Amino acid sequence: MIDTILCNGCFSFMCILLIIVKHMRAIMQILNILSSYATSDGDGVNISRIPGFDGKHLNPFLMIDGVTDVEPGKYAHGYKNLSNNEWYFPVHFPDGPNMPGALQLEALAQMLTVAITTQEGMAGKVTHALKHVVRFKKEVLPGEQLIIEATVDSWKRGICRGRAVGYTNGEVACEAQMMITIPEILEEFLPKK
């Protein structure tokens, strides 16, 4: 019955989204490890340079390959290299592979998370999504590099409002307005029962 309701592409999209949600805690732990190595010295972060880190356990959930610049609490810039070997290209779509929109949004959100979790005292904190409004402008194709620029618009009481833009070949591919939270901090400001 599900085949009659959803096309194969939509079903694949839903499966990818369920995998991301199911493994969100692991994704956030990985981002926190990555953000603890982010610097603003222009060198950026190459995942393979992190001491004692082989990267094997990251796939397929980490949607950023590197952080090129970060100012904690203000912005983070980085990228995702899209090789032909990405796990989602064979199924999305066999005749015209492109990066699923849910994974583009995930890449944008992960870069915004780096901007927040690089602040002093934030290492190891888990973030959760509250709201995302996203626009997809063009397909993100195998062989391209998705350049991501995330900016924090406000950071108050454990809630971050921010935006991110993803570029391929110098053109905007996707953009999002996002609201994320660090529940551990937010709970301090909620009314006590």
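The values are calculated or read from the model by the stated rules, or taken from the named source; none is laboratory data. Bear in mind the structure is a predicted one, so any value in this text is a computation, not a measurement. Quick reminder, even Gly has a Cβ in these numbers, built from the backbone with ideal geometry, and neighbours come from all protein chains shown. Side chains included, ligands, DNA and RNA excluded: accessible areas come from the protein's heavy atoms. Shrake-Rupley method; radii C 1.70, N 1.55, O 1.52, S 1.80 Å.
Below is a table of values for the structure above.
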| read-out | value |
| --- | --- |
| Per residue accessible area in Å² of the range 54-193, where ligands, DNA and RNA are left out and the probe is 1.4 Å | 51 |
| Förster radius 30 Å - calculated FRET efficiency between Gln145 and Ala123, Cβ distance, rounded to 0.05 | 0.65 |
| Interchain or long-range residues, amide H under 5 Å from Cys174's placed H | Lys137, Gly166 |
| Amide proton proximity set for Gly66, modelled H, under 5 Å, gap of 5+ | Tyr79 |
| Computed over the range 104-193, Cα set: Rg, Dmax in Å | 14.6, 53 |
| For the range 179-186, Karplus couplings with θ = phi - 60° (6.51, -1.76, 1.60), whole Hz, Gly/Pro x | 10, 10, 9, 9, x, 4, 7, 4 |
| Above-threshold pairs, the threshold being 23 Å between Cα atoms, out of Lys74/Lys138; Lys74/Lys131; Lys74/Lys137; Lys74/Lys125; Lys131/Lys156; Lys80/Lys137 | Lys74/Lys138; Lys74/Lys137 |
| Per-residue ³J(HN,Hα) for the range 100-107, Karplus 6.51 cos²θ - 1.76 cosθ + 1.60, θ = phi - 60°, Hz, x for Gly and Pro | x, x, 4, 7, 4, 4, 4, 4 |
| Cβ-defined net charge surrounding Arg161, 15 Å radius [Lys, Arg +1; Asp, Glu -1] | +3 |
| Where labels lie 7 Å past Cα in the beta-carbon direction, separation of Asp153 and Lys131 in nm | 0.9 |
| Whole-Å distance, taken between Cα centres, linking the range 122-193 and the range 74-95 | 18 |
| Hz values of 3J(HN,Hα) by residue in the range 112-128 - Karplus curve (6.51, -1.76, 1.60), Gly and Pro given as x | 5, 4, 4, 4, 7, 7, 8, 5, 4, x, 9, 4, x, 6, 8, 10, 10 |
| Heavy-atom accessible area ranking, 1.4 Å probe, most first, across Ser83, Ser154 | Ser83, Ser154 |
